[in-house]
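> First, the structure itself, so that you have it in front of you.
Where a number appears in this text, it was derived from the coordinates with a stated rule and is not lab data. Bear in mind the structure is a predicted one, so any value in this text is a computation, not a measurement. We place every Cβ from the backbone using ideal geometry, glycine too, and count neighbours over all the protein chains shown.
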Amino acid sequence: MHFCRLPGFLVRSTFSRMVEPRFIEELTAFEQRKQELLNLCEGKFAVFKGSEFLGVFDTPQAAYDAGLNKWGNVAFLIKPVVKEEKPQQIPALYLGLLRAGT
């Protein structure tokens, strides 16, 4: 089993087969606008669904509420607008106390 780190994801591959991460289109759209977003609103939270950009918000909760109001209860990306994103560490997850898929 091999692991490779992508922006915001740790992807596992088994027998040379990559598991495709979610939000590829959203992450691509974010990367295309990243410099503009950094110049205008660093430290805020950007919201994308597919290549559609909804806007930037002061808090993750405000970003979530806006996405929910626009698209309903479907998957969309909330991404912090920062120069370098630090990996999130959730001890309960990697210690096996929580499961990511449940």
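> Would you check if residue 62 is farther than 17 Å from residue 23 by Cβ and surrounded by 15 or more Cβ atoms within 10 Å (Cβ to Cβ)?
Details: farther than 17 Å from residue 23 by Cβ: yes; surrounded by 15 or more Cβ atoms within 10 Å (Cβ to Cβ): yes.
Yes.
> Please go through segment 50-84 and pick out each residue that is of a type in the set (Lys, Arg) and in a strand (DSSP E or B). Before the answer, list the steps.
As a first pass, look at segment 50-84 and keep what is of a type in the set (Lys, Arg): 70, 79, 83.
Selection gives 79 alone.
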